[in-house]
1. When His187 is evaluated against the numbered criteria (1) of a type outside the set (A, V, I, L, M, F, W, C); (2) surrounded by fewer than 21 Cβ atoms within 10 Å (Cβ to Cβ); (3) in a helix (DSSP H, G or I), which criterion, by number, is the only one it fails?
2. What's the number of the only condition in (1) in contact (Cβ under 8 Å) with a residue 24 or more places away in the chain; (2) part of a loop (DSSP other than H, G, I, E, B) that Pro12 fails to meet?
3. Name the residue that is nearest to the chain's Cα centre (by Cα), counting only residues in the stretch 78-125 that are among the hydroxyl-bearing types (Ser, Thr, Tyr) and within 23 Å of Asn206 (Cβ to Cβ).
4. For Phe16, all conditions in the list (1) of a type in the set (A, V, I, L, M, F, W, C); (2) at pLDDT below 95; (3) crowded, with 16+ Cβ neighbours inside 10 Å hold save one; what is the number of the exception?
5. Given (1) among the β-branched types (Val, Ile, Thr); (2) more than 20 Å from Ile93 (Cβ to Cβ); (3) in contact with a strand residue (DSSP E or B) (Cβ under 6 Å, 6 or more places away or on another chain), identify the lone condition not met by Ile54.
6. Would you mind telling me which numbered condition in (1) of a type in the set (Ser, Thr, Tyr); (2) under 16 Å from Asp108 (Cα atoms); (3) surrounded by fewer than 17 Cβ atoms within 10 Å (Cβ to Cβ) Thr53 fails?
7. Which one is modelled with the lowest pLDDT, of the residues in the stretch 268-326 that are acidic (Asp, Glu), surrounded by fewer than 16 Cβ atoms within 10 Å (Cβ to Cβ) and farther than 20 Å from Gln144 by Cβ?
8. Restricting attention to the stretch 290-310, report how many residues are outside any helix (DSSP H, G or I) and touching a residue at least 60 places away in the same chain (Cβ under 8 Å).
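The values are calculated or read from the model by the stated rules, or taken from the named source; none is laboratory data. Just so it is clear, the model here is predicted, and its values are computed rather than measured. We place every Cβ from the backbone using ideal geometry, glycine too, and count neighbours over all the protein chains shown.
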Amino acid sequence: MSLSPFRGGKPPPRTFNPEQDIPDLSGKVVLVTGGNAGIGAATVRALVPHNPTIYLCARNISSAEALVDEIKQKQPKANITILKLDLGSFDSIKACAHAFNTQADRLDILFLNAGISATAPTVTQEGYEQQFGVNHMGHALLTQLLLPKMLHTLRRQPDADLRIHVTASIGAHVFAPKEGLKLEDMHKPDALSHGMSRYGHSKLANILFARKLAQQYPHITSTSSHPGTVRSEIWARADGMKLMVLLLAPVVWWTGVTTDEGAKTQLWCATAPLSDGIDNGRYYEPIGIEATGKSENAMRQDLADALWQWTTEELGKHGAPGWPQA
């Protein structure tokens, strides 16, 4: 469960057992970014027994191959295709989307799961502050390129239950700037005061992006969530906050949850019946606790609108096709 200090007064977490509660996904296509490690790998492992076709997107192909080999030892019929994806490179994102769109005839569930945290100041290939560029801009471009496939799925099957889930974080409420988004600084490697501020800023963008996706595409259920305090590899790559990581590592190790536990909320968001309390555009904490109003900025429509417009314009500068008609 989340160790969030904001839980007071909230309803108790839902019980969700992926093995029992994920429905049969036969005939459905799922894409997971960062599916080779952490809660992404746990998500893939949890989905496999329910028979979807899975596209596992990863920057580290050898790690992805090792995971698939491990899964197939237990589930030899697992249908998993590995796609190369570096969210810090628009060229890589376009190539990944092209490969998927060429191979797959539908897309039912999109997990925008990959992410980085507290990295040293630098920029992506296209010149965006790295954490914002990877965690938000890269996923925004990928979503724009994959949405036509989801909309095609909906046209072909009007009752299709389509989901987009964005892995956010409580850092959006704790570390993001109090004034909200600082989009004007997102071409600077050292934007904001330190690595955790940049991380929180990117996670606020994740929550607002899911909110706006829900408004633009109401027939696709888009959600975001905080996985909890998870013992995962993301903090091992936090090279911009080495002292903080050194101090926090023992705390996370002793109090954090496993990646299997950390994956439960996003699995619930993406596979549970909508009648279970899943509302389009909302942000959730473990497990299935609606927490969109935790911070005022996460609820601000003006920020969601500004982020959408700015993102659309920036993607357009790099040859993106624009958002498809719903």
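1. (3) is the only condition that His187 fails.
2. Going through (1) in contact (Cβ under 8 Å) with a residue 24 or more places away in the chain; (2) part of a loop (DSSP other than H, G, I, E, B) one by one, Pro12 breaks only (1).
3. Restricting to residues being among the hydroxyl-bearing types (Ser, Thr, Tyr) and within 23 Å of Asn206 (Cβ to Cβ), the top hit is Ser117.
4. (2)
5. Of everything listed in (1) among the β-branched types (Val, Ile, Thr); (2) more than 20 Å from Ile93 (Cβ to Cβ); (3) in contact with a strand residue (DSSP E or B) (Cβ under 6 Å, 6 or more places away or on another chain), Ile54 misses just condition (2).
6. Only one criterion in (1) of a type in the set (Ser, Thr, Tyr); (2) under 16 Å from Asp108 (Cα atoms); (3) surrounded by fewer than 17 Cβ atoms within 10 Å (Cβ to Cβ) is unmet by Thr53, namely (3).
7. That would be Glu296.
8. So in the stretch 290-310, the residues outside any helix (DSSP H, G or I) come out as 290-291, 295, 300.
The next check asks that each one be touching a residue at least 60 places away in the same chain (Cβ under 8 Å); those that pass are 291, 295, 300.
Qualifying residue count, the stretch 290-310: 3.
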